[in-house]
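These notes concern the structure reproduced below.
Every read-out reported here was derived from the displayed coordinates using simple, explicitly stated rules and does not represent laboratory data. These numbers were taken from a predicted model, which means no experiment stands behind them. Note: ideal-geometry Cβ built from the backbone for every residue, glycine included; neighbour counts use all protein chains shown.
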Amino acid sequence: MQVESFLELSARQWPDKIALVCGDRRVTYAELEQTANRLAHALMAEGVGRGDRVAVHLENSVEAVVAVMAILKAGAVFMMVNPTTKAEKLAYVLNNSRARAIVVPARKMPVLETCWAETPHLKLVILTQSADATKQRASPPAKRPDHNPLRQDGCVYLEELLQRHADDTQPPQKRAIDIDLAALIYTSGSTGNPKGVMLTHLNMVAAATSITTYLENTPDDVILNVLPLSFDYGLYQVLMGLKIGGTVVLERSFAYPRVVLQRLLEEKVTGFPLVPTMSAILLQMDLRKYDFPHLRYVTNTGAALPTEHIVRLRRLFPKVKVYSMYGLTECKRVSYLPPDQIDARPGSVGKGMPNEEVYLVDDDGRRLGPGVVGQLVVRGSNVMKGYWELPEETDRVLKPGLLSGEKVLYTGDLFRTDEEGYLYFVGRRDDIIKSRGEKVSPKEVENVLYAHPEIAEAAVVGVPDEIFGQAVKAVVSRKNGSRLTEQDVLRHCAGRLEDFMVPQSVEFRAVLPKTSNGKIDKRGLIGGASV
Amino acid sequence: MNHIASSLRQFIRENFLFGQDLALADHESLLELGIVDSTGVLELVTFIEDRYRITVEDEELVPDNLDSIDNLVRFIGAKCQYSPVLNKEMRHAV
């Protein structure tokens with residue numbers, strides 16, 4: 001079974017059913033399948049081969065879903081890149097993966113042009129029109145500035161490719177098998193450089209199957225997703241929607257919660273995935289006049305939901321099942337708390353999901369019993385293949401398991417269990433910050449800060465925040481004579497980091513506190529006088 | 001450009017772009033261009049409430065009122081119509 005089969009099978013069974021609602025567009029399964037097939041044929045005709053990486057740098061849109069499915073149908077590997085990723089990191093990711101092609105909105109062309117010269121493997125740029133573009137093209141894509149003849153005509157509009165392959169509505173011959181890679185998902189690591197998590201078709205099908213099993217999804221489900229598809233939690237809403245033959249309502253953001261709630265009502269939504277930041281915003285609103293008769297479940301992951309939120313969410317949606325979950329990109333999802341347990345154990349993220357085994361170990365890898373804090377280990381078909389071209393980092397997290405030859409995932413997260421085996425999150429073994437449900441590597445932000453010519457020292461820490469869960473805070477010391485302001489620092493960061501990584505605040509200090517071995521003492525940064 | 005539009009531009013420039021120049025047409029979507037996100041919208045609302053002494057009701061938190069300079073100017077104008085404090089600024093509008 002391969003990931004694109006989710007769409008193919010559902011399209012065969014329910015061709016006229018609405019698969020996707022996006023803005024005022026409603027796309028049936030047959031339309032989605034045929035469009036994806038046309039693009040798959042186009043990709044293959046343009047030289048995209050089995051196993052080639054293709055980046056998708058789009059907002060939540062019909063085109064993003066078509067692109068993902070087409071890439072898989074062509075036997076290639078898709079890579080979602082956050083729409084707010086800046087040029088430097090985009091170049092890093094494209095080069096690290098040696099992506100052969102990218103799908104981007106036409107208005108992003110200037111950004112792409114800045115990393116043009118540094119991405120020799122990129123042969124094909126597919127441009128989508130921005131939502132407000134008229135049928136008239138604003139301007140043709142610029143030629144590449146280099147003199148490589150292969151790369152001169154590498155820019156083409158998506159629409160044009162689809163027209164060229166208007167008759168290729170049947171799926172291409174399958175080239176990949178289920179242990180081939182389906183996706184590379186870049187995730188923040190403690191080293192600062194993002195790592196590509198290699199997920200096979202088998203990994204993704206296994207995860208989607210387990211999750212849709214415990215959510216008890218049916219073809220009648222309508223899932224509303226506001227999370228970016230570059231976030232695996234958002235991506236899986238689409239994959240699972242297609243798998244179950246349901247309908248996915250894709251929104252671009254949660255910036256206007258009332259609009260999203262209105263959509264929830266209009267589209268008779270049954271499933272609504274949340275991150276704690278969204279529930280914090282919802283709980284600040286007066287929702288008494290709303291009633292969501294169709295809503296069957298809400299889910300939370302990305303970071304632990306405070307118990308207080310759970311209690312209030314339960315009051316807000318008394319008839320709705322609330323699933324508290326935990327996971328990491330390396331295996332997609334680890335655990336879920338059965339909704340009937342949420343009132344009894346609001347602090348728990350439950351147990352391993354179906355077709356998966358989880359346990360805690362001490363520092364020597366010995367299995368631990370209830371009540372003792374240890375590292376969580378995951379065993380299952382959902383566990384990634386490894387980090388892209390990082391064998392040492394891979395060996396650090398994928399270690400020998402129970403059966404000879406098998407590898408299990410050491411999550412780096414500390415947990416304890418109660419007598420019945422329910423999991424309680426205790427903390428992380430590294431200093432990764434969870435802000436708005438997404439992982440922020442302090443090192444990655446610090447690297448950007450150190451690139452500023454007037455910054456002498458920098459440290460990034462997570463501070464508790466009502467809305468963000470953790471807010472990203474930068475503590476910096478200026479070089480002699482510098483008059484750098486907070487705004488200067490933030491502007492520097494905003495030009496180089498994804499939105500969710502940009503610090504919420506900057507504190508200036510004369511010097512940063514150090515530990516006895518000379519490293520910046522992050523614990524010492526909490527408190528202490530600023531200058 | 002009227003006074004409301006220019007003070008909105010200044011606010012957006014200082015708070016969302018950290019002083020960077022703003023390439024934004026009055027009709028363009030702030031959300032679409034990645035200028036605001038969910039917390040950005042709340043900051044924008046706090047700003048216009050303070051600056052124009054209006055109260056933005058929950059129901060009014062929609063893109064039609066807030067998602068472009070044009071929409072904001074129209075929305076603030078309508079809210080200010082009956083407010084003496086705001087009329088002063090409105091009179092300066094061209």
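For residue A:111 and residue A:191, calculate 0.36 nm times their separation in residues minus their Cα-Cα distance, and state this gained length in nm to one decimal. Before the final figure, lay out the partial values.
Working: separation 80, 0.36 × 80 = 28.80 nm, distance 2.58 nm.
Residue separation times 0.36 nm, minus the Cα-Cα distance, leaves 26.2 nm.
Rounded to the nearest 0.05, what FRET efficiency is calculated for residue A:266 and residue B:26 with R0 set to 22 Å and r the Cβ-Cβ distance? Write down the numbers at each step before the final one.
On the way: r = 30 Å, r/R0 = 1.34.
Approximately 0.15, to the nearest 0.05.
Test of understanding: extend the Cα→C-beta vector of residue A:17 to 7 Å, then name every residue of region A:218-233 with backbone N under 16 Å from that spot.
A:218-224
Considering every pair of different Cα atoms, what Kirkwood radius, in Å, is found for region B:3-92?
On the way: mean 1/r = 0.0757 Å⁻¹.
In region B:3-92 this quantity evaluates to 13.2 Å.
Under the classification rounded if a/c is under 1.5, otherwise prolate if a/b is larger than b/c and oblate if not, where does region A:40-97 fall, given a ≥ b ≥ c as square roots of the Cα gyration tensor eigenvalues? Mind showing how you got there, number by number?
On the way: a/c = 2.63, a/b = 1.37, b/c = 1.91.
Oblate, since a/c reaches 1.5 and b/c is not below a/b.
For region A:433-525, what does the equivalent ellipsoid look like in terms of its semi-axes, each the square root of 5 times an eigenvalue of the Cα gyration tensor, given largest first in whole Å?
Details: eigenvalues 83, 55, 24 Å².
Output for region A:433-525: semi-axes of 20, 17, 11 Å.
In debye, nearest 20: dipole of the protein assembly as shown around its Cα centre with unit charges on the Cβ of K, R (+) and D, E (-)?
Working: 74 positive and 81 negative charges, 129 e Å.
With Lys and Arg at +1 and Asp and Glu at -1, about 620 debye.
Could you tally the net charge around residue A:338, taking each other residue with its Cβ under 10 Å from the Cβ of residue A:338, Lys/Arg +1 and Asp/Glu -1?
Values: positive: A:321, A:345, A:351; negative: A:340.
Neighbourhood net charge equals +2.
What average count of beta carbons from other chains do you get within 10 Å of the Cβ of residues in A:258-271? Each step should come with its number before you reach the end.
Numbers: counts 6, 5, 1, 0, 1, 0, 0, 0, 0, 0, 0, 0, 0, 0.
Counting other chains' Cβ atoms within 10 Å and averaging over A:258-271 gives 1.
Only sites in a loop by DSSP and with at most 16 other Cβ atoms within 10 Å count here; which GluC sites (Glu not before Pro) in region A:455-518 make the cut? It would help to have the intermediate numbers written out before the result.
Values: sites: A:457, A:466, A:486, A:498, A:507; in loops: A:466, A:498.
Sparse-neighbourhood loop GluC sites (Glu not before Pro): A:466.
Residues of region A:169-191 with amide nitrogen under 20 Å from the 7 Å Cα-to-Cβ point of residue A:25?
Output list for this probe position: A:169-171.
Taking all pairs of different Cα atoms in the protein assembly as shown, averaging 1/r and flipping that mean, what Kirkwood radius in angstroms comes out? If you can, show how the numbers build up before the last one.
Working: mean 1/r = 0.0387 Å⁻¹.
Mean inverse Cα-Cα distance, inverted, gives 25.8 Å.
Just flag the trypsin sites (Lys or Arg not before Pro) in region A:464-517 sitting in loop per DSSP whose Cβ has no more than 14 other Cβ atoms within 10 Å. Show your work: numbers first, answer last.
Details: sites: A:473, A:478, A:479, A:483, A:491, A:496, A:509, A:514; in loops: A:479, A:483, A:496, A:509.
Here the sparse-neighbourhood loop sites are A:479, A:483.
Starting from the Cα of residue A:311, step 7 Å along the direction of its Cβ; do the same at residue A:363; then give the gap between the two resulting points in nm.
Those two pseudo-labels are separated by 3.7 nm.
Taking square-rooted eigenvalues a ≥ b ≥ c of the alpha carbon gyration tensor, is region A:1-102 rounded, prolate or oblate, where a/c under 1.5 means rounded and, failing that, a/b exceeding b/c means prolate? List each step's numbers first, then the result.
Details: a/c = 2.58, a/b = 1.50, b/c = 1.72.
Here region A:1-102 falls in the oblate category.
Once both labels are modelled 7 Å past Cα along the beta-carbon direction, what's the residue B:70-residue A:389 spacing in nm?
4.6 nm
Please give the FRET efficiency for residue A:169 paired with residue B:3, using the beta carbon to beta carbon distance and R0 = 51 Å, rounded to the nearest 0.05. Don't jump to the answer; show the numbers that get you there.
Working: r = 55 Å, r/R0 = 1.09.
It comes to 0.40.
I'd like the mean, over residues of B:15-25, of how many other protein chain beta carbons sit within 10 Å of each residue's own Cβ. Walk me through the numbers before you get to the answer.
Values: counts 2, 1, 5, 12, 5, 4, 0, 0, 0, 0, 0.
Other-chain Cβ atoms within 10 Å of each residue's Cβ, averaged: 3.
Report the gain in length on full extension from residue A:418 to residue A:451: 0.36 nm times residue separation, minus Cα-Cα distance, nm rounded to one decimal.
Working: separation 33, 0.36 × 33 = 11.88 nm, distance 4.61 nm.
Working it through step by step, the gained length comes to 7.3 nm.
What do the square roots of 5 times the Cα gyration tensor eigenvalues come to for region A:201-428, in whole Å, largest first, as semi-axes of the equivalent ellipsoid? The partial results should precede the final answer.
Values: eigenvalues 198, 82, 43 Å².
The three semi-axes for region A:201-428 are 31, 20, 15 Å.
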